[in-house]
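Asks: Can you keep this structure in mind? I'll have questions shortly.
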Amino acid sequence: MDAFEKIEQILKDIEQNNPQNTEELETFRIQYLGTKNIFKGLSPLFRDLAPADRGRFGQLLNKAKQAAKSKFDTLQEQLSIASANQVERPDLTASAAPQSLGSRHPVSLVQNQIIEIFQRIGFTVAEDREIEKDWFNFTALGMPQDHPARDMQDTFYIKDSMENLLRTHTSSVQTRFMKDHKPPIRIIAPGRVYRNETISARSHCQFHQIEGLYVAENVSFADLRQTIYYFAKEMFGATKIRMRPSYFPFTEPSAEVDVWWGTATETDRKITKGTGWLEILGCGMVDPKVLENCGIDPEKYTGFAFGLGIERIAMLKYQIEDIRLLFENDVRFLEQFQSAAIF
Ligand code: PHE
């Protein structure tokens, strides 16, 4: 085979050589463009050519080299586009990634338990805003401006207006509800409340309450007592409760309720300060003036109300010593509680 036949053959080979993947393309590159490419082997033939033929041979040689180069460039680009478009196929036989289940916050656990207990006797849940008008939080509840009872609840006001505040109790939900609904009313109002208190192991500037309200004809103090007793029995397994006279500006008469906790163990004695009694909530008959403020006829209707702090009960139930743990959201603390339901 002379030099011309040889170069024609190479040209034909380049045309017919169609690498299909990166490996074949690499072989192509080594063969035609690498340091020991096929063209280098032609040098001896070139030297043997008659000078007159050398120009034509040189042209053919260049043509072949260029053909190899441009074929390589085109194929390389096509292959890289193809690989970018190649979507990884999911492995349908692989097992599902394990899902870790979150846990319910202890405050939610206790709140849900209390809601459930009251729902069983016909109470429904009412919720409302945390940023409240002074009127619903204080004035309607028998605490006009300058009333000394306002000092019982150190208040966060919004800006300087004294008009808007962070609600200090969920009694504000009750006044709103009474304004919009006619008796009979039987609601429980769970929610977050705020008081301007120094944060310590025992108190916090935010906490949760549940307050209950029952307004209808002929609601009596006996109804209140029986309702609270039912709650204490369901929630704590308490066998008895006692009511101590107390004062709230929006109820008359008012009482504080203790449940019988017992003095059997060291812990029992510690949390009841040796008495066996544990205070759990405040309550009373809704003051007729409050009903009137909210548009309900106090001649026709009477009602009772009660309120309790959820954190306090969660701390008792789970023996949590420091209220701050309930607001820090440290997962090491939270994951110790009952798993969230999957459904
Ligand atoms: N609102 C009262 C408080 O936050 C609790 C309470 C509610 C007392 C209803 C009596 C009746 O302290």
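We did not get these values from a lab; they are worked out from the coordinates using the rules stated. Since we're looking at a predicted model, the values are computed, not measured. Cβ: placed from backbone, ideal geometry, glycine included. Neighbour counts: every protein chain shown.
Asks: Describe numerically, in nm with one decimal, the distance between label points set 7 Å from Cα along Cα→Cβ at Ile115 and at Glu15.
Replies: 8.1 nm
Asks: Next up: Report the one residue of Ile14, Phe28, Phe39 whose Cα lies farthest in the direction of the positive end of the charge dipole of segment 3-83 (charges on C-beta: Lys and Arg +1, Asp and Glu -1; origin at the Cα centre).
Replies: Phe39
Asks: Quick check on the chain: helices-only [θ] at 222 nm, where DSSP H runs of length 4 and up contribute -39,500 (n - 2.57) each and the sum goes over total residues. Nearest 500, please.
Replies: -12000 deg cm²/dmol
Asks: Using only Cα atoms, figure out Rg for segment 169-262 and give it as a multiple of 2.2 N^0.38 Å.
Replies: Taking the Cα Rg and dividing by 2.2 N^0.38 Å, one obtains 1.23.
Asks: Could you work out how far helix 106-119 tilts from the main Cα principal axis of the chain, as a 0 to 90 degree angle to the nearest 10?
Replies: For 106-119 against the chain, the angle is about 50 degrees.
Asks: Among the aspartates and glutamates, select those whose C-alpha is under 20 Å from the C-alpha of Lys300, and discard any that sit fewer than 8 residues away in the same chain.
Replies: List returned: Asp180, Glu217, Asp223, Glu252, Asp287, Glu292.
Asks: What is the list of residues in segment 274-309 whose amide nitrogen lies under 20 Å from a point 7 angstrom out from the Cα of Ala201, following Cα to Cβ?
Replies: It comes to 274-275, 279, nothing else.
Asks: With the cut-off at 17 Å, report for segment 72-213 the share of all Cα pairs above it, as a whole percent.
Replies: Counting every Cα pair in segment 72-213, those more than 17 Å apart make up 72 percent.
Asks: Now a separate question. Using a cut-off of 20 Å between alpha-carbon atoms, which lysines can reach Lys71, once sequence neighbours fewer than 8 places away in the same chain are excluded?
Replies: Lys6, Lys12, Lys36, Lys40, Lys63
Asks: Answer with one residue from Cys294, Gly191, Ser161: the one whose Cα lies farthest towards the positive end of the charge dipole of the chain, charges on Cβ with Lys, Arg +1 and Asp, Glu -1.
Replies: The listed residue farthest towards the positive side: Gly191.
Asks: When the scattering of segment 106-342 is computed by the Debye formula from its Cα atoms alone, each counted once and equally, what is log10 I(q)/I(0) at q = 0.08, 0.11, 0.13, 0.15 Å⁻¹?
Replies: Treating every Cα as an identical point scatterer, log10 I(q)/I(0) equals -0.30, -0.58, -0.82, -1.10.
Asks: How many nm is it between the label spots at Gln66 and Ile131, if each spot is 7 Å from the Cα in line with the beta carbon?
Replies: With each label point 7 Å from Cα toward Cβ, the separation is 7.5 nm.
Asks: Return an integer: the convex hull volume of the alpha-carbon atoms of segment 117-190, in Å³ per residue. Provide the component values of the computation, followed by the final result.
Replies: Details: hull volume 7.2 nm³, N = 74.
Per-residue hull volume (Cα only) is 98 Å³.
Asks: Taking N as the number of residues in segment 236-343, what is its alpha-carbon radius of gyration divided by 2.2 N^0.38 Å?
Replies: Numbers: Rg = 18.5 Å, N = 108, 2.2 N^0.38 = 13.0 Å.
That works out to 1.42 for segment 236-343.
Asks: Express in nm, to one decimal, how much length is gained between Gln78 and Lys270 on full extension, taking 0.36 nm for each residue of separation and deducting their alpha carbon distance.
Replies: Extra length from Gln78 to Lys270 when fully extended: 61.2 nm.
Asks: Could you pull the Cα extents of segment 3-83 along its three principal axes, largest to smallest, in whole Å?
Replies: 49, 19, 15
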